[in-house]
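J.: My questions all concern the structure below.
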Amino acid sequence: MSNDNSLVDALAFLYVTFGQATDGTLTADEMRTLAEKLGKRAPELSLEQLGQVLRSTVTAYKGVGSREEKIERAQQHAAVLRDSVDEGMRQAIINDLSAIAAADGEVSDQEQAFIARTAQTLGVALPS
């Protein structure tokens, strides 16, 4: 993704919010998939650095008020990503969200709505 930590942090917040705020639970399978996808988008991070990013993101996530405020903050991060990464990366982010949603074997209506809203924010199509 580049060595821009703010973009990695923005992506991590988007992924963590998606995993937690959409259906209220972040399963172990979803967390593994989330970490795997984040590592793929930021290959310059060591495993230790990736863990540190995720821990600080969870702390930041918990510091934001309501579920709606968390989702709005995630969309603000998506707007930063929209303006900072190419279309291929933006499409990959949407594909990652779909994979995270499917990791527990069930894609909720809230997860689908979040993916649709994020695709719109990023200016890319939904996966077919």
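To keep it simple, each residue is scored yes or no on (1) aliphatic (A, V, I, L, M); (2) over 17 Å from Asn5 (Cα atoms); (3) buried (at least 16 other Cβ atoms within 10 Å of the Cβ).
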residue	(1), (2), (3)
Thr25	no, yes, no
Lys37	no, no, yes
Leu45	yes, no, yes
Leu50	yes, no, yes
Arg82	no, no, yes
Gln91	no, yes, yes
Ala101	yes, yes, yes
Ala116	yes, yes, no
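J.: Does region 20-57 hold any residues that are in contact (Cβ under 8 Å) with a residue 40 or more places away in the chain, farther than 23 Å from Asp83 by Cα and in a helix (DSSP H, G or I), and which are they?
T.: Scanning region 20-57 gives Gln20, Ala21, Asp29, Glu30, Arg32, Thr33, Ser56.
J.: Now for a different question. How many residues are closer than 17 Å to Arg32 by Cβ and part of a helix (DSSP H, G or I) when one looks only at region 96-117?
T.: 8
Since every read-out is calculated from the coordinates, none of them should be taken as a lab result. The shown structure was predicted, so the numbers you read here are calculated from the model rather than taken from an experiment. Glycine also receives a Cβ, built like all others from the backbone with ideal geometry; neighbour counts cover every protein chain displayed.
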